[in-house]
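Values in this text are rule-based calculations from the coordinates and carry no lab data. Predicted, not measured: the structure shown is a model, and the values here were computed from it. With ideal geometry, Cβ positions are generated from the backbone for all residues, glycine too; neighbour counts draw on all protein chains shown.
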Amino acid sequence: MVLWAAIFVAGIFWLGFSGKTCRAAALSAPEGLLASGVNDSVVLSWEPVKGADGYEVYEKADGQDSWTMVKATAKKKAILSDRKSGTRYIYRVRAYKVKKTKIKYGVYSKKSDTTVPVQATTTLRNFLKVSLAPVGSTMYIWGGGWNKADNGAGKDALRIGLNPQWRTFASKQRASYNYRNYRYKRGYGLDCSGFVGWTVYNSLHTSRGKEGEGYVDKAKNLAKNYAENGWGTFRKASAVKDYKAGDIMSGSGHVYIVIGSCADGSVVLVHSSPAGVQLSGTEAPSGKKNSKAVKLADKYMKKYFPSWHRRFPDNARGASYLHYSRFRWDVSGSAVMEDPDHYRDQSAKEVLKDLFS
């Protein structure tokens, strides 16, 4: 009865329901489930399942054993309000199809979790979890995430959740992929600025943005822009001495997000760079190419994104990545970010372990 009450609220009606249900593997698991804690709500999005009439959203708080079905909807998005601040929630979604008097259920999606912030708009952990959502399923597209005028955020950088077309396009690409053949094919992937702008937008907003909104600009400008929004501090490349989780690093032709640094000074990062969105590691400042960061990035890409890793195994980036200007979030809670998980005090290895736990 709980299920059907929820479906009724969603505006879906069926006559002659007899209470019969059945399970079937015909409906696939929803891909790309993304949970983002924004203010006192959790924003959920996922990619559509072919043949589905609707979706059930299941929730449990971290540490709980049982799941609760909290929403049934015909949409591929849900906003759950009035969640308890400081609590980490875990989610999964499954599709269903109604045929006559029976309900057919698909398999559950992979889980996604987020923490509801206490004071700020979002948390540093949530920001990094969002940044990982397109990894291994989104190609680098020159102009991806920009508007047609090429002077700010486009539809993809203003959307909540992943564009299903990103995954479809990426699944067809092979090791020979050449981004130069797809310049300005907006809707097929993201470039470096589009990726960072999309990540920031999904960390701070609950609904699709309008023209003129968003956080996309030339790579070299983004770190300074975000600081000027009052979100944190800016430091020129010549003054950067360290790298901490969540830092946004701007160069003349590239921008990336720091996951964390390693004992040898190398940095694990997430970015959109040919061939696409992935984890990478820089070489060490000493010049050592097979650095701790490169090894970590390779380990996680190989384990969690095996198809991508087989096609695009290069996770190493040069020392030039260590000479970018830096934006660092104010995590005091007085701006838009807080860090209850103390990611800023952790190494790349520790941050990755928690992000993928």
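Observations, loosely collected:
- Among the listed pairs 129/349; 76/104; 241/302; 60/210, those beyond 22 Å (Cα-Cα): 241/302; 60/210
- A dipole drawn for the chain from +1 and -1 charges on Cβ atoms has a positive end, and of 57, 173, 266 the residue lying farthest that way is 173.
- In segment 182-235, trypsin sites (Lys or Arg not before Pro) in a DSSP loop with at most 10 other beta-carbon atoms within 10 Å: 210
- The chain - percent relative contact order, Cα under 8 Å, separation 6 or more: 16 percent
- Tail fraction, Cα-Cα pairs, segment 228-357, threshold 18 Å, whole percent: 53 percent
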